[in-house]
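Below is one structure, written out as structure tokens, with a few remarks after it.
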Amino acid sequence: MNEIFNNIPKIKYEGAKSKNPLAFKFYDADKIVMGKKMKEHLPFAMAWWHNLCASGTDMFGRDTANKAFGVEKGTMAHAKAKVDAGFEFMQKLGIEYFCFHDVDLVPEADDINETNARLDEISDYILKKMKQTGIKCLWGTANMFSNPRFMNGAGSTNSVDVYCFAAAQIKKALDITVKLGGKGYVFWGGREGYETLLNTDMKFEQENIARLMRMAVDYGRKIGFKGDFYIEPKPKEPMKHQYDFDAATAIGFLRHYGLDKDFKMNIEANHATLAGHTFQHELRVSAINGMLGSIDANQGDMLLGWDTDEFPFDVYDATMCMYEVLKAGGLTGGFNFDAKNRRPSNTYEDMFEGYILGMDTFALGLLKAAALIEDGRLDEFVKNKYASFGTALGKKIIDGKTSIEELADHAADLKSIDAPLSGKQERLESIVNSILFVNEK
Ligand code: XUL
Ligand code: CO
């Protein structure tokens, strides 16, 4: 078979001093960090949509990048060329997983039966490639936001017929995910929200989304899907208000509708910042609720209020992400680069350099997070901060063996109290900087 990226070699680790743009500076797949290989800590995935489909079109201009891969776009031959390109790309970078939407794989036909037949054909082709290469599927999803039929929502639509199309797409995307052995299945509710309450029955819409998710879980389990369902929270864009605003909101929703045993979070960095949170905050909220599933690894721009989906280069953020992931004992999912090249970065080489940047950023984040944990000062500080709850009275509070009256009596005995221990934020930030910017390893 012809190589598509024929001027790009297999990407190797060359170390931090390498000036070769087509080499890893920090991602050393087999390096052991805290007892595990880097590639086991970092199960990276390629996002089919950005890497193989998106070509630079934005609201003001058309494509800048050529993703035809030598074949006429909008054809099944092109769908296959994308598979060839994707697998060559992943093999050259040593990426072991991919993620997809149904309509990333094939051109959508006018008749859903024809679209489904195309999905059967392309998934046979993908499966063959997976067997040849050992590359696996991280998660699948249904695109229930691009087609005009979803303009009033998918699970939240006003139309029973549209609701059935959403159900049909979920059913087929689950079939394909199971066929490809996907570890997860994602719901990102792009159109599940509203522009104005003047035309919206919020309660009804949320109940209907939950009903659709329940049916998806029942069907998935029936056809043998053992993995996790994920909600990918996002506060806005394309809608003004989206129901899955952030991790806390999504977790509350799942618990309210009894879906929490089957679902976890897929946390995307740029969605966290759009919600006014740090990436680390969203990961922590998920982790403490036992719902840290998978990550969409990208980065936003703090000067812009929308989802720029940049390749992550912020090592501080990646370090804090990996700190959370290590503390949580790893992900059940992986790190999907839901990221795209900037519009003027329009060559094949740029596609590789985007992934090299992202993989190196997370590898460096992993090394630095491990160093922070091994250093121990942050953990020690946090442990000491709550030490008073280790006293007899503190234990009674934790065990629920006291009362407001007893605690009030304790306060009355004390009469007054001094401020309880400095937060030492500046010292802790300085520790992080000294670990981040001193290179001993
Ligand atoms: C949109 C987004 C999606 C989901 C999958 O902001 O992140 O690509 O990851 O539908
Ligand atoms: Co995403």
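The values are calculated or read from the model by the stated rules, or taken from the named source; none is laboratory data. On a predicted model such as this, the values are computed, not experimentally measured, just so you know. Ideal geometry is used to build each Cβ from the backbone, glycine not excepted, and the neighbour counts take in all protein chains shown. With ligands, DNA and RNA removed, areas are computed over all heavy atoms of the protein, side chains included. Shrake-Rupley method; radii C 1.70, N 1.55, O 1.52, S 1.80 Å.
Which ³J(HN,Hα) values in Hz, rounded to whole numbers, follow from the phi angles of the range 380-387 under the Karplus curve 6.51 cos²θ - 1.76 cosθ + 1.60, where θ = phi - 60° and Gly and Pro get x?
Working through the residues one at a time gives 4, 4, 5, 4, 5, 4, 9, 4 Hz.
Cα-based Rg of the range 1-117 per 2.2 N^0.38 Å, rounded to two decimals?
1.29
Could you tell me what percent of the accessible area of the chain is made up of carbon and sulfur, with a 1.4 Å probe and every protein chain present?
55 percent
Using label points projected 7 Å from each Cα along Cα→Cβ, tell me how many nm separate Thr196 and Glu114, to one decimal.
So the two model labels end up 3.8 nm from each other.
Would you mind counting up the charge near Lys39? Only other residues with Cβ under 12 Å from its Cβ, with Lys and Arg at +1 and Asp and Glu at -1.
Net charge around Lys39: -1.
Between Asp379 and Ile397, what is 0.36 nm times their sequence separation minus the Cα-Cα distance? Round to one decimal in nm.
Difference between extended and current length: 4.2 nm.
Which value at 222 nm does the chain reach when only helices count, each DSSP H run of 4 or more adding -39,500 (n - 2.57), with the total divided by all residues and rounded to the nearest 500 deg cm²/dmol?
-14000 deg cm²/dmol
What full-extension length gain, to one decimal in nm, is calculated for Ile431 and Val71 as 0.36 nm per residue of separation minus the Cα-Cα distance?
124.3 nm
Keeping every protein chain in place, order Arg149, Arg342 by accessible area at 1.4 Å, biggest value first, i.e. largest first.
From most accessible down to least: Arg342, Arg149.
Please compute the net charge surrounding Ala210, taking Lys and Arg as +1 and Asp and Glu as -1 over other residues with Cβ under 13 Å from its Cβ.
Local charge sum for Ala210: -3.
Using a 1.4 Å probe and counting only protein heavy atoms, arrange Arg62, Arg427 so the residue with the most accessible area comes first.
Per-residue accessible area, sorted high to low, gives Arg62, Arg427.
Pull up all non-local amide H partners of Tyr230: gap of 5 or more, or a different chain, and H-to-H distance under 5 Å with H placed in the peptide plane.
Tyr185, Val186, Phe187, Lys264
Could you do me a favour and compute the accessible area per residue for the chain, 1.4 Å probe, result in Å²?
Averaged over the residues of the chain, the accessible area is 49 Å².
First select every other residue whose beta carbon is under 14 angstrom from the beta carbon of Ala65; then total the charges, Lys and Arg +1, Asp and Glu -1.
Local net charge: +2.
Cα centroid distance between the range 244-261 and the range 301-362, in Å?
The two parts, judged by their Cα centres, are 26 Å apart.
Near the amide H of Asp338, under 5 Å away, which other amide H atoms are found, from residues 5 or more places off or on another chain, if H is placed in the peptide plane?
Amide H to amide H, under 5 Å and 5 or more residues apart or across chains, Asp338 pairs with Ala297.
If ligands, DNA and RNA are left out, what is the accessible area of Asp30 with a 1.4 Å probe, given in Å² to the nearest 10?
90 Å²
What's the whole-number percent of alpha carbon pairs in the range 51-151 lying beyond 16 angstrom?
Roughly 61 percent, rounded to a whole number.
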